[in-house]
Amino acid sequence: MSQDGGSILVVDVGTSGVRAAIVRPDATVEHEYRFPLLPDSPAPGLVEFDAARMADAVLEVARASLEDGGPVAGVGIANQRASSIVWERATGKPLAPGIGWQDLRTVGTCLVLQAEGIRLAPNASATKVMAILDEVDPERSRAEHGELCFGTVDSWVAWTLSGGAAPRGGALHVTDATNAAVTALVDATIDWDEPLLHKLRIPLPMMPAVVDSSGALGIAAALPGAPPICGIAGDQQASLVGQGCTLPGLAKATFGTGGMLDQCVGPAAEPAGMSRGDAGTFPIVAFRVGGQATWGTEAVMLSAGTCIEWLRDDLGLIATSKESETVAAQCATSGDVWFVPALLGLGTPVWDFGARGTLVGLTRGSGRPEIVRAVLEGVAHRGADLVEASEADSGFPIAALRTDGGMSDNDVFVQALADAIGRPVEISPVQEATTLGAGLLAGLAVGTYATTSELAETFSPRRTVEPQRGDAERVAARDRWLAARHKAEGTIPELSGISF
């Protein structure tokens with residue numbers, strides 16, 4: 001172990017802000033600094049961000065954490081996935097606003113490409129970089145000559161830390177396998193699919209090198225002491241590692257604005273392709289070490305914490321998000337009221353973009369507590385959807401579900417989740433495990449941990465919540481909720497007919 005004790009600086013760039021923290025060898029997270037950085041929405045369906053401001057924020061919080069908690073043995077990066085940036089190689093200047101992962105400006109492009117036999121989703125990076133190039137380099141001449149760089153947020157952060165945001169240019173233009181795999185631009189080897197790039201008019205010289213998630217990746221020359229950059233992972237994969245899910249079958253669910261359930265399936269379970277499985281999950285690279293990918297599956301919930309915000313900001317039934325717990329606890333059951341959290345459509349397993357949020361079973365006796373409880377229980381049943389789909393597509397049972405995200409602090413919700421899935425829920429010791437996961441991957445590279453199996457031993461749940469319903473009661477409740485879900489499907493037929 002290095003003289004600095006194997007501590008890691010992690011830079012974690014989310015959708016709403018940038019943070020940095022020091023991850024210690026005992027998996028504790030200290031000296032955290034945050035910088036709020038919300039995206040812009042200049043028109044409906046458009047989501048953009050200022051990459052130059054992001055770079056400034058990265059350096060500000062990283063230097064602050066290092067000053068308090070350094071020195072460190074290395075640097076890890078965790079990031080929002082698929083958001084796309086194009087910058088000038090010589091100057092490090094972004095040439096257009098970054099396009100966020102939620103941006104929908106390329107839906108029409110995706111449908112045109114689908115008619116040509118190329119299936120791409122608008123949330124992937126592929127059509128985002130096409131849109132930026134159409135604006136800044138329509139002839140693709142600058143990109144062809146290597147004058148422009150494309151990168152997802154991890155690439156931009158690595159470039160920035162290596163000194164790339166300075167006028168002299170940077171030496172590190174990389175992306176790790178977890179991020180590359182969700183661009184929709186890689187082949188089965190998790191390297192750039194050159195025939196696809198050619199079809200989409202994305203020149204190969206502008207693409208970053210695809211590297212491992214853990215290893216000697218470059219030097220953070222822009223930081224005091226120039227520590228090595230040695231760990232990178234997309235946010236959901238970082239959360240998976242941060243909750244110790246590095247062995248086949250282990251799974252975590254993150255309940256934030258939306259919800260993601262990721263399950264590790266191991267290095268031997270290489271998928272035949274990167275397309276959606278029969279049960280509605282997607283294959284992912286969980287992490288790649290020593291050139292070997294460990295695979296996983298990902299199930300998606302489009303609305304989770306968004307439903308709590310709806311109760312608070314639009315209906316006025318609660319004053320704060322935390323109040324959803326206390327109000328729901330005022331009744332023992334929802335009184336046979338059922339809520340389907342489809343405010344933005346339904347993801348896994350049905351993938352119905354025309355589904356809409358639905359409340360059924362209302363009576364004159366349905367009050368504020370029953371409606372709030374029904375919303376929490378509805379999100380829990382969507383969690384059960386994700387568990388069932390993950391098990392079906394992966395072939396691995398989920399004995400217990402680990403969970404993080406803002407909703408993991410809501411006791412009523414977590415109990416409802418345990419009851420809906422019929423198995424224990426293990427709550428992460430940190431509310432957001434992305435920072436911890438990136439720190440563990442970087443720690444693996446500097447020798448703090450010997451193997452990825454050892455990373456699994458770092459997880460110790462803050463508490464475990466056992467289901468309180470028997471199997472018969474649970475199945476009956478699932479059947480009632482699934483009937484409500486069926487009513488929510490196909491609300492807008494035109495959108496329900498779209499599939500990516």
field: Computed P(r) (all Cα pairs; the chain; 10 Å bins; percent)
entry: 4, 20, 30, 27, 14, 4, 0
query: Of Tyr449, Tyr33, which has the most accessible area with a 1.4 Å probe, and how do the rest follow in descending order?
result: Tyr33, Tyr449
Cα-only Debye scattering, segment 126-238: base-10 log of I(q)/I(0) at q = 0.17, 0.20 Å⁻¹: -0.84, -1.10
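Just the accessible area per residue of the chain, please: how many Å² with a 1.4 Å probe?
Values: 18830 Å² over 500 residues.
Ligands and nucleic acids excluded, the result is 38 Å² per residue.
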- request: Pop out the ³J(HN,Hα) list for segment 224-230 in order, Karplus 6.51 cos²θ - 1.76 cosθ + 1.60 with θ = phi - 60°, rounded to Hz; leave Gly and Pro as x.
  value: x, x, 6, x, x, 7, 9
task: Report Rg(Cα)/(2.2 N^0.38 Å) for segment 32-73, keeping two decimals.
output: 1.55
- prompt: Taking N as the number of residues in segment 83-185, what is its Cα Rg relative to 2.2 N^0.38 Å?
  reply: 1.08
Highest to lowest packing among 355-363, 154-162, scored as the average C-beta count within 10 Å: 154-162, 355-363
Alpha carbon Rg of segment 1-152, scaled by the compact-globule rule 2.2 N^0.38 Å: 1.23
field: segment 132-206 and segment 386-419: distance between their alpha carbon centers, rounded to Å
entry: 35 Å
Accessible-area value, Ser141, 1.4 Å probe, nucleic acids and ligands omitted, Å²: 60 Å²
message: Taking only Cα atoms of segment 1-60, what ratio of Rg to Rh do you get with Rh as the Kirkwood inverse-distance radius?
response: 1.15
- request: With a 10 Å radius around each residue's Cβ, average the other Cβ atoms per peptide and rank 366-377, 15-26, highest first.
  value: 366-377, 15-26
query: In segment 277-399, what percent of the accessible surface is made up of carbon and sulfur (1.4 Å probe, ligands and nucleic acids excluded)?
result: 54 percent
- prompt: So what does log10 I(q)/I(0) come out to for segment 256-337 at q = 0.21 Å⁻¹, using the Debye formula with one equal point on every Cα and no solvent?
  reply: -0.93
query: At a probe radius of 1.4 Å, what is the per-residue accessible area of Val47, in Å² to the nearest 10?
result: 20 Å²
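What is the Rg over Rh value, at two decimals, for segment 37-118, using alpha-carbon atoms and the Kirkwood definition of Rh?
We get a ratio of 1.11 for segment 37-118.
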message: Using a 1.4 Å probe on the protein heavy atoms, what percent of the accessible area of segment 91-216 belongs to carbon and sulfur?
response: 56 percent
message: Let's test this: bin the Cα-Cα distances of segment 322-395 at 10 Å from zero up to the farthest pair and state each bin's percent.
response: 20, 42, 29, 9, 0
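The values are calculated or read from the model by the stated rules, or taken from the named source; none is laboratory data. Bear in mind that the values here come from a model prediction, so they are computed numbers and not experimental data. All Cβ positions, even for glycine, are placed from backbone atoms using ideal geometry, and neighbour counts span all protein chains on display. Remember, those area values only see protein heavy atoms, side chains included, never the ligands or the DNA or RNA. Shrake-Rupley method; radii C 1.70, N 1.55, O 1.52, S 1.80 Å.
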